Amino acid sequence: MSAVAPGVPGWIDLGSPDLDATRRFYTELFGWTAHTGGEEFGGYTIFNLGDEPVAGAGPLFSEDQPVVWNTYVITESADDVAAKVEANGGKILMAPGDVGENGRMGVFMDAGGAAFSVWQPGTMPGATVFNVPGALCWNELMTRDPAGAKSFYEGVFGWNHEDGPFGDTTYTTWMNSGAPVGGMMPMEGDMWPAELPSHWMIYFAVEDTDAAATKCEALGGSVAVAPTDIPQGRFAVLNDPHGAAFSVIKTTM
């Protein structure tokens, strides 16, 4: 059983070209411990915060696979999601399949080109701690087609949405059974390179955003967006040494 309800992001993982380096970076940055599986799982690593799983990392399966963090939405049926993805104009990138007794997963692309995954828990529930320093606290879709995304995710997961002003643009909060489960930002203006596709961004909670950014650089990563104050807190966008982007935030809420 998952720690979160179906329709809620409940796991994240990273494809890495160098798992040893990835383990060193994230254990140093967030204080995680790394627990690596056997050869049958390709050396897939579960990162724990204390005794609780918070994220994973595995090898790349092809030379053209991007080095990115992946958002997994918890589901009761990965196969049902696959059918809904196609019915709503998305694509199946990896058909649902079993991961031993751990669970069942699938990888998809929404109608606007953003990749996401689903996790149907077996013995592995997904993450079991959220919203504390070092753990996942938010998932956010960056898209060039907000209207299409609203239709797609409502059709696939039954999400509703609430829109509100955010600077010069509109921010969308995804709602599942009346509770917020993520956000959406339109990719508008010159700040978004034309070659950057729509994508899901993950946020980790931290005690100190500036300290996290400084430590990221000291460990060989880089700062894509310097620590910045927003109404929800102080955030930064960071890249790990292999270029995988993620955000950190010290919330005020």
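The values are calculated or read from the model by the stated rules, or taken from the named source; none is laboratory data. Not measured: the values here are computed from a predicted model. Backbone-built Cβ (ideal geometry, glycine too); neighbour counts: all protein chains shown.
Beta carbons closer than 6 Å, at least 6 apart along the sequence or on distinct chains, pair a first residue in the stretch 78-89 that is farther than 10 Å from residue 152 by Cα with a second that is surrounded by 21 or more Cβ atoms within 10 Å (Cβ to Cβ) and of a type in the set (A, V, I, L, M) for 78/118; 81/118. Going by the conditions given, is residue 231 within 19 Å of residue 131 (Cα to Cα), of a type outside the set (A, V, I, L, M), surrounded by fewer than 17 Cβ atoms within 10 Å (Cβ to Cβ) and modelled with pLDDT under 95? Yes. For the stretch 39-57, what are the residues that are at pLDDT below 95 and either of a type in the set (A, V, I, L, M) or within 18 Å of the chain's Cα centre (by Cα) (or both)? The one that is at pLDDT below 95 and either of a type in the set (A, V, I, L, M) or within 18 Å of the chain's Cα centre (by Cα) (or both): 44.
Restricting attention to strands (runs of 3 or more DSSP E) lying wholly within the stretch 65-181, give those where 2 or more residues are under 24 Å from residue 237 (Cβ atoms), of a type in the set (S, T, N, Q) and at pLDDT below 95. Outline the logic, then answer.
Values: elements: 69-74, 91-99, 103-109, 115-121, 136-143, 160-166, 169-176.
By residue number, 169-176.
Scanning the stretch 174-187 for residues that are without any contact (Cβ under 8 Å) to a residue 40 or more places away in the chain and touching a Ser or Thr at 6+ places or on another chain (Cβ under 8 Å) gives a single hit, 180.
Looking only at residues in the stretch 20-55 that are closer than 22 Å to residue 221 by Cβ and among the acidic types (Asp, Glu), the one that is surrounded by the most Cβ atoms within 10 Å (Cβ to Cβ) is 28.
Being hydrophobic (A, V, I, L, M, F, W, C), in a strand (DSSP E or B) and free of Cβ contacts under 8 Å to residues at least 40 places away in the same chain is the filter here, so list the residues in the stretch 196-253 that pass it. Talk me through it step by step, then tell me what you get.
From the stretch 196-253, those hydrophobic (A, V, I, L, M, F, W, C) are 196, 200-202, 204-206, 211-213, 216, 218-219, 223-226, 230, 235-238, 244-246, 248-249, 253; that's our starting set.
Within this subset, residues satisfying the condition of being in a strand (DSSP E or B) are 200-202, 204-205, 223-226, 230, 235-238, 245-246, 248-249.
Within the stretch 196-253, 223, 224, 225, 226, 230, 235, 236, 237, 238 qualify.
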